[in-house]
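Report on the structure given below.
The values are calculated or read from the model by the stated rules, or taken from the named source; none is laboratory data. Keep in mind that what you see is a predicted model, and the values were worked out from it rather than measured. Here the Cβ is made from the backbone with ideal geometry for all residues, glycine too, and neighbour counts use every protein chain on show.
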Amino acid sequence: MTETFIHHPVLLKEAVEALSIKENGIYIDGTFGRGGHAAEILKRLGLTGRLLAIDKDEEAVAQARRRFEHDKRFFIERGTFALLNQITKHHGCLGKVDGVLLDLGVSSPQIDDSERGFSFKQDGPLDMRMDRSIEMTAAQWLAKASENEIASVLKEYGEEKFSRRIARAIVTERETGVIETTRQLAKIISDASPFLEKNKDPATRSFQGIRIFINNELDDLKTCLSQVVEVLANGGRLAVISFHSLEDRIVKRFIREQCRGDAYPLNLPVTHSQLKPNLRAIGKVIRATDKELSANPRARSAVLRVAEKI
């Protein structure tokens with residue numbers, strides 16, 4: 001089972017400290033995973049504090065219930081963080097939340113479990129669903145998508161420069177057989193790539209693109225962020241850990257726009273306070289230390305951005 005795999009939460013100390021935990025505060029972990037960040041938040045909460053966790057993966061939710069079932073400060077909801085507003089309303093804490101943490105992307109247990117189909121480094125069914133209650137797996141999508149659709153996903157979500165060549169190879173391959181395992185897909189991508197990048201598997205970008213598309217990751221992130229200001233209390237913090245440029249660009253743009261406030265013509269003589277900004281950025285971008293990278297190489301691309309509601 002997935003829960004037997006070792007999980008190393010990225011930027012654990014930095015992310016939790018960025019939330020500036022209050023003992024009696026209300027916090028949301030929008031991506032529970034295997035509970036590394038959640039456990040650290042709970043350590044810092046007092047008896048009247050609350051932590052509401054969200055995850056779309058049924059195994060993560062089951063793990064949360066087993067691990068924290070006796071902690072009355074903890075609540076877990078299965079679903080996407082795109083439902084942030086709805087979930088906080090249900091728990092009676094809309095506009096009262098002191099901190100929201102998002103640790104984006106796929107978790108280590110999901111990657112390490114070959115049955116989940118996220119990794120090109122081991123063979124398994126070509127699934128890639130974070131929420132296995134949704135109908136379409138990666139294999140099912142690749143079996144029916146047009147060459148143009150596949151190329152578009154690889155380019156837009158995977159930033160794959162050879163997206164057209166790879167898409168054509170996938171369509172050609174499926175004419176003679178079903179593409180149903182990660183190893184099959186990784187080989188098709190490798191064979192279609194004209195050259196190999198140093199220290200990077202040729203399947204990296206394509207697997208990322210397909211995974212993001214299947215799980216609607218970027219649209220969910222945009223929807224979640226659009227609700228954050230309403231969910232947070234004044235002085236509440238948003239902390240987001242991103243792992244690739246597409247996610248980080250969305251977070252960076254959101255924080256910048258919310259810090260700027262209302263849009264007025266550049267030559268209009270208005271003060272910054274008159275623009276009614278909603279957030280202020282806290283500190284600079286935070287990355288993993290050399291010590292963390294030596295223990296957990298997956299942290300190498302992690303970027304933490306923090307903002308506070310004003």
Quick one: in the range 268-294, of everything that is surrounded by fewer than 12 Cβ atoms within 10 Å (Cβ to Cβ) and of a type in the set (Gly, Ala, Ser), which residue is modelled with the highest pLDDT? Gly283
Selection from the range 7-52 of residues that are touching a Cys at 6+ places or on another chain (Cβ under 8 Å) and β-branched (Val, Ile, Thr): Ile26
Given Ser152, Ser163, Ser190, Ser206, which one is at pLDDT 95 or above, of a type in the set (Ser, Thr, Tyr), within 12 Å of Phe120 (Cα to Cα) and out of contact with any Asp or Glu (no Cβ under 7 Å at 6 or more places or on another chain)? Ser190
Quick check on Phe118: is it within 22 Å of Arg298 (Cα to Cα), crowded, with 20+ Cβ neighbours inside 10 Å and outside the structural domain of Arg205 (by TED's automatic domain parsing)? yes
Tally of residues being polar (S, T, N, Q) and at pLDDT below 90 across the range 295-308: 1
For the range 87-110, the count of residues that are surrounded by fewer than 20 Cβ atoms within 10 Å (Cβ to Cβ) and under 24 Å from Ser190 (Cα atoms) equals 1
